[in-house]
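**Student:** The structure follows.
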Amino acid sequence: MHPILPLPKRRSPSVVFHARGLAKVYVMGEIAVHALRDIDLDIYEGEFVVLLGPSGSGKSTLLNILGGLDAPTSGEAKWRDHDLVNADDSELTRYRRKAFRSIQSS
């Protein structure tokens, strides 16, 4: 008889991108254009994500914020443990180099 060995523990996937209450408002004169309103999002390691929506729905704005290219008007955005909202330019540059190098090599 063969002994029953326990199955290896599966590591639960970690959150790669975390966003809470993201909003982006572009002000043009007296007009405020709300590109994003109160977005909550978690993207997990190994997850494949597709953003679909009509033109002007905020897809590019969200990607620019998550990519460290733009800042939200309000809310929080994190990549792993890095705060993307309060990061300065040099921190965002290091983030883009590190984060997108790992995405390209996956």
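Readers should treat all values here as calculations from the given coordinates under stated rules, not as data from a laboratory. Keep in mind the model is a prediction, meaning the values are calculated, not measured. With ideal geometry, Cβ positions are generated from the backbone for all residues, glycine too; neighbour counts draw on all protein chains shown.
**Student:** Please list 3J(HN,Hα) in residue order for segment 53-61, calculated via the Karplus relation 6.51 cos²θ - 1.76 cosθ + 1.60 where θ = phi - 60°; whole Hz, with x for glycine and proline.
**Tutor:** After applying 6.51 cos²θ - 1.76 cosθ + 1.60, I find x, x, 4, x, 8, x, 4, 5, 4 Hz.
**Student:** What distance in nm separates the two pseudo spin-label positions at Arg80 and His34, each 7 Å out from Cα along the beta-carbon direction?
**Tutor:** 3.5
**Student:** Can you list the residues, at least 5 places off or on another chain, whose amide H is less than 5 Å from the amide H of Leu36, using H built in the peptide plane?
**Tutor:** So Leu36 has HN proximity to Lys24.
**Student:** Mind pulling the angle between the C-alpha long axis of helix 89-104 and the longest principal axis of the chain? Nearest 10 degrees, somewhere in 0 to 90.
**Tutor:** 50
**Student:** For segment 30-35, in order, what is each residue's ³J(HN,Hα) by Karplus, 6.51 cos²θ - 1.76 cosθ + 1.60 with θ = phi - 60°, in whole Hz (x at glycine and Pro)?
**Tutor:** In residue order, the calculated couplings are 8, 9, 10, 9, 8, 7 Hz.
**Student:** Putting +1 on Lys and Arg Cβ atoms and -1 on Asp and Glu Cβ atoms, find which of Gly53, Tyr26, Trp79 reaches farthest to the positive end of the dipole of the chain.
**Tutor:** So the residue furthest toward the plus end is Trp79.
**Student:** Taking H placed 1.01 Å from N in the peptide plane, check which residues at least 5 places from Leu84 or on another chain put their amide H under 5 Å from its amide H.
**Tutor:** Amide H neighbours of Leu84, under 5 Å, 5+ apart: Ala77, Lys78, Trp79.
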